[in-house]
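Here's the structure we're looking at; comments come further down.
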Amino acid sequence: MGNRVGERLRRSLLGGIAILALTVAGTLAGTAAANAYVLSGCKWPGANIKYSNYTASLYYTASSQAAANWTTATDVNLSTGSGEPFSIWDNYNSSGAVGTTVRSCNIFGHYTSTAVYGNTFHMAALSANCKRLVYGHEIGHALGLNHASGNVMMYSSVSVCTVNGVYTVQPDDRNGVNSIY
Ligand SMILES: [Zn+2]
């Protein structure tokens, strides 16, 4: 009896994973020729997504503008709330990356939490536009995108802004998020 219940649970867990894998594979197969975006396999349950913004001053401006840009450019609607599982922060870490997003995902492919960090150790020297790029990039991770190639917000280096001037949602970034929501 105990074994049979365990087996049923295992089978339902595998079923959830299989549905997720089919969804991702189907999306990639249908759009691979025209798009470079890469999905994480996780998403928020709906397109109306609330976040809590714990940043201050310049970083509040940059992160708010970045969130508003995703709302304007894509099918998601980001708005501020309090105590949300999606949070945005500024921190100071002399050995860390310029930006980091910590993501937790359940077996149904839904985020249970995402925490976006802009590292002020690196960001202090960046222009207002490139501060915004860092938050826009990390919010892209929090929406379900992984790194992509080319002059896109989801490129893996801040050089996409400092060298190439990209700081807003690009068509490929938009296609990626709109394929999820
Ligand atoms: Zn990244």
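Does Ser149 fit the bill of being within 16 Å of the ligand (Cβ to nearest atom), assigned by TED's automatic domain parsing to the domain that holds Ile49 and at pLDDT below 95? Talk me through it step by step, then tell me what you get.
On the way: within 16 Å of the ligand (Cβ to nearest atom): yes; assigned by TED's automatic domain parsing to the domain that holds Ile49: yes; at pLDDT below 95: yes.
When the stated conditions are applied, Ser149 passes them.
Tally up the residues in the stretch 136-168 that are polar (S, T, N, Q) and touching a His at 6+ places or on another chain (Cβ under 8 Å), please. Give the derivation first.
Let us first name the residues in the stretch 136-168 that are polar (S, T, N, Q), namely 146, 149, 151, 156-157, 159, 162, 164, 168.
Adding the requirement that they be touching a His at 6+ places or on another chain (Cβ under 8 Å) leaves 156.
Looking only at that region, the number is 1.
Restricting to the stretch 133-171, count the residues that are assigned to a helix (DSSP H, G or I) and under 14 Å from the mean Cα position of the chain (by Cα). Before you say what the answer is, go through the steps one by one.
Keep residues of the stretch 133-171 that are assigned to a helix (DSSP H, G or I), which gives 133-143, 159-162, 171.
Applying the additional criterion that residues be under 14 Å from the mean Cα position of the chain (by Cα) yields 133-143.
Count: 11.
Is it the case that Ser40 is within 12 Å of the chain's Cα centre (by Cα), within 16 Å of the ligand (Cβ to nearest atom) and either assigned by TED's automatic domain parsing to the domain that holds Gly140 or without any contact (Cβ under 8 Å) to a residue 12 or more places away in the chain (or both)?
Numbers: within 12 Å of the chain's Cα centre (by Cα): yes; within 16 Å of the ligand (Cβ to nearest atom): yes; either assigned by TED's automatic domain parsing to the domain that holds Gly140 or without any contact (Cβ under 8 Å) to a residue 12 or more places away in the chain (or both): yes.
Yes: the conditions hold for Ser40.
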Inset, instruction - Test Tyr155 against the criterion of being within 14 Å of the ligand (Cβ to nearest atom), buried (at least 21 other Cβ atoms within 10 Å of the Cβ) and at pLDDT below 95, and give yes or no. - result: yes
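Table: residues versus (1) exposed (fewer than 15 other Cβ atoms within 10 Å of the Cβ); (2) within 16 Å of the ligand (Cβ to nearest atom).
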| site | (1), (2) |
| --- | --- |
| Pro45 | yes, no |
| Ile49 | no, no |
| Asp75 | yes, no |
| Ser87 | no, no |
| Tyr117 | no, yes |
Inset, instruction - Scan the stretch 102-109 and give yes if some residue there is in the same structural domain as Ala68 (by TED's automatic domain parsing), within 11 Å of the ligand (Cβ to nearest atom) and out of contact with any helix residue (DSSP H, G or I) (no Cβ under 7 Å at 6 or more places or on another chain), otherwise no. - result: no
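What do you reckon, is Ser57 on the phi > 0 side of the Ramachandran plot and more than 16 Å from the chain's Cα centre (by Cα)?
On the way: on the phi > 0 side of the Ramachandran plot: yes; more than 16 Å from the chain's Cα centre (by Cα): yes.
The answer is yes for Ser57.
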Legend entry - First in the stretch 146-169 and farther than 17 Å from Met123 by Cβ, second anywhere and assigned to a strand (DSSP E or B), Cβ under 8 Å, 6 or more apart: Asn146/Val38; Asn146/Leu39; His147/Val38; Ala148/Val38; Met154/Val38; Met154/Leu145; Met154/Asn146
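The values are calculated or read from the model by the stated rules, or taken from the named source; none is laboratory data. Predicted model, so just to flag it, every value in this text is computed and none were measured. Heads up, the Cβs are rebuilt from the backbone with ideal geometry, glycines too, and the neighbour counts pull from every protein chain shown.
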